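A short write-up of the structure that comes next.
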């Protein structure tokens, strides 16, 4: 008889992956109130599932999620418009977890230009610039 225990264990583990992957996707992990965040770009990743960057300020290094690469590209935020060392100002939403330096950005202003990566989201703060 075929032992199905390893297969059952693998199936159970596979069910946990989507929950972990969705942990910081969407907006449920963020505060409702919009905030502004500024600092110096440490690194940028234009890959899936969303464009992201690390931003350093007096509070530490923030993990910043922008939009998926296709939306970032439509907004004009593509490779070459920003680089590590550039100063950036973002509008968006902080993590609900006050101990976590995480931010979901709606706009990013860098080198004098603002990129609205979520143009259809209502905004209460005007972008920098």
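The values are calculated or read from the model by the stated rules, or taken from the named source; none is laboratory data. It should be emphasised that the depicted structure is a prediction, and the values quoted were computed from it without experimental measurement. Please note: Cβ atoms are built from the backbone with ideal geometry, for glycine as well, and neighbour counts cover all protein chains shown.
Identify the residue in the stretch 35-61 that is assigned to a loop (DSSP other than H, G, I, E, B) and touching a residue at least 40 places away in the same chain (Cβ under 8 Å) and, among all such residues, is surrounded by the most Cβ atoms within 10 Å (Cβ to Cβ). Taking the candidates together, the pick is 51.
Being part of a loop (DSSP other than H, G, I, E, B) and either more than 17 Å from residue 127 (Cα to Cα) or touching a residue at least 24 places away in the same chain (Cβ under 8 Å) (or both) narrows it down to one residue among 89, 64, 78; which is it? Full working, then the answer.
Details: 89 fails: part of a loop (DSSP other than H, G, I, E, B); 64 fails: part of a loop (DSSP other than H, G, I, E, B).
Every option except 78 fails the conditions.
Only one of the numbered conditions (1) at pLDDT 95 or above; (2) out of contact with any strand residue (DSSP E or B) (no Cβ under 6 Å at 6 or more places or on another chain) is violated by residue 93, and that is (2). Of the numbered criteria (1) surrounded by fewer than 17 Cβ atoms within 10 Å (Cβ to Cβ); (2) touching a helix residue (DSSP H, G or I) at 6+ places or on another chain (Cβ under 8 Å), the one residue 115 fails is (1). Condition test on residue 127, is it part of a loop (DSSP other than H, G, I, E, B), in contact with a strand residue (DSSP E or B) (Cβ under 6 Å, 6 or more places away or on another chain), over 18 Å from residue 45 (Cβ atoms) and without any contact (Cβ under 8 Å) to a residue 40 or more places away in the chain? Yes; evaluated as a whole, the condition is true for this residue.
When you scan the stretch 18-60, how many residues do you find that are closer than 21 Å to residue 79 by Cβ and modelled with pLDDT of 95 or more?
Initially, the stretch 18-60 is screened for residues closer than 21 Å to residue 79 by Cβ, giving 39-56.
Imposing the further condition that a residue be modelled with pLDDT of 95 or more reduces the set to 39-45, 51-56.
Count: 13.
Taking the numbered list (1) closer than 23 Å to residue 32 by Cβ; (2) surrounded by fewer than 21 Cβ atoms within 10 Å (Cβ to Cβ) in turn, residue 84 passes all entries but (1). On the stretch given as the stretch 101-114, residues that are over 9 Å from residue 63 (Cα atoms) and either free of Cβ contacts under 8 Å to residues at least 40 places away in the same chain or not in a strand (DSSP E or B) (or both) total 6.
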